[in-house]
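What follows is calculated from the coordinates using simple rules that are stated; it is not laboratory data. Keep in mind that what you see is a predicted model, and the values were worked out from it rather than measured. Here the Cβ is made from the backbone with ideal geometry for all residues, glycine too, and neighbour counts use every protein chain on show.
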């Protein structure tokens, strides 16, 4: 017996968890309706995950529910926005209650971690894909943009780089070791929401690393009309990624693999101490400097330099 | 040569049309950022169209671009909201510039008609599907809800009912006659945005008819804890639909077919004259009355009655 769309939403998604900003009207009408506190702006982002493109067929639905929300919260984090509301558009080949139970659990657990509220969406039949739209709040005029990096700012990243990319390789090889940190970074990325909020008044620009550090930092550089040089030996990596680079003799690896969902941001030198003090407890690494000369350069310890411009291409 | 996601968005979607509520930050950053005018609430809705489910493979991309936006604007209309912003998440098997040119034209033409602004989204590779999230503005507390119909209110519909369903039949039979009104209603539905705005202060409840009049009116009745009886001979239909009903001896047809995107709303009798005066120029038909007795009943001219509860089921 198939569940109707209404019953399906009611059963798996219409939870009444604690919401930091309770919607005036939520699931069950033509639209959701929300109030924006005075003096705040709304930040909006959408991301789609498609089976076979962004995740492997047969992926654990709970991890998938977590991930599709994590990638959207990561975009809010990159703006310095406080997550508030979510909509979920889910396309499913058929009603599979075990899948829905797992997916909704993974999704709603992460939603609850940030006191965000699922306020609406759509369920349809078709090849498995999921689009989340996430809404965040920002004090007026405070958004962390891509276009505002300045020459002589330093470049920082949170966490480790290239780890999720290695995790994907391991997942594809069925090389599943439960406590492998690279695999975990790929399967269950954690959005850097707190970091985004803490650096909002200090960083000069910010982006989340979804398509690879080189591609995403290049977005900042191009939008800001500047360039940068990174020091290769400063790049924060897991032991697994360091080993992979040596084995493959491929130094480009951590710059070009996607899915890290760390933040890359720039900060004026005179705000750096305050920034690093606020971020105590998070792994934050200074990896380079913004320069007038356009383009992204990687400097090696022997003094050699390479230019990097490309990352993951969607098509 | 394939276009990168960035160039693709820039080429087809990053238009600078007139916007009633210009976003503070639009396409090209991690999030869009918008200002909500004081005293206003934000209405949010998402709808997905999937190839083979919501539209036929090989559909005209311009009509598809129009339709995916129309169904979302229809949800805003049903709340009485003024359309303001849009996000578009589009999954494409491959970059097909002819398709993108048509799709973006259909989408952006309708967007421009309501001075709405495309502020963000996502493009990914995979089986063709499109999710639009639409944002509208509402004076605080004025949303037209489903749960507020009252006993003795009259039931109204805009336009004609069952027409798009017949249009779908014609499209499936390749029975394409350029000036067939039913086919046009199916291929190019027009959202009832003006009607929604005009009835906001007068109607007691409202829904847009996407799943069929019976299913959608039942949503109002259930949410409001009331029932209704409709007079079958009052139902507004095209000549084509009347003929189809006679040929098939299927009076249920206009109640059960979806895709009309008309509004169904209830109005207290003492506000009816004002409502009909304001809506002069639109086709508005009183089709029945809200009653205490639960359920949806259809009364025929011979005095017989039937109970209708079901419409289009998504799964």
Spin-label pair residue A:148/residue B:10, simplified geometry with 7 Å Cα→Cβ offset, distance in nm: 2.3
Size of the stretch A:142-240 as Cα extents on the principal axes (Å, biggest first): 43, 26, 20
Shortest-first distances to equivalent copies, position residue A:246, nm, label 7 Å out along Cβ: 8.6
Mean shadow area of chain B, taken as a quarter of the surface of its Cα convex hull (nm²): 17.2
Estimated D of the stretch B:5-150 in µm² per second, where Rh is the Kirkwood radius over Cα pairs and Stokes-Einstein applies at 20 °C, 1.002 mPa s: 136
Dimensionless Rg ratio for the stretch B:157-315, taking C-alpha atoms and the 2.2 N^0.38 Å reference: 1.02
Shortest-first distances to equivalent copies, position residue A:304, nm, label 7 Å out along Cβ: 8.8
Cα gyration tensor category, rounded, prolate or oblate, for the stretch A:97-196 with a/c compared to 1.5: oblate
Separation of the residue A:249 and residue B:140 label points, Cα + 7 Å toward Cβ, nm: 6.8
DSSP-defined antiparallel bridges as percent of all bridges, chain A, nearest 5: 75
Shape of the stretch A:242-315, Cα gyration tensor, a/c cut at 1.5: prolate
Inter-label distance for residue A:201 and residue B:274, nm, one decimal - labels placed 7 Å from Cα along Cα-to-Cβ: 4.8
Partner chain coverage, peptide A:22-29 - average Cβ within 10 angstrom: 5
Among A:161, A:195, A:278, residue whose mean-square fluctuation peaks in a GNM of chain A (springs only between Cα atoms under 10 Å): A:278
Sorted largest first, extent of the protein assembly as shown alpha carbons per principal axis (Å): 94, 47, 43
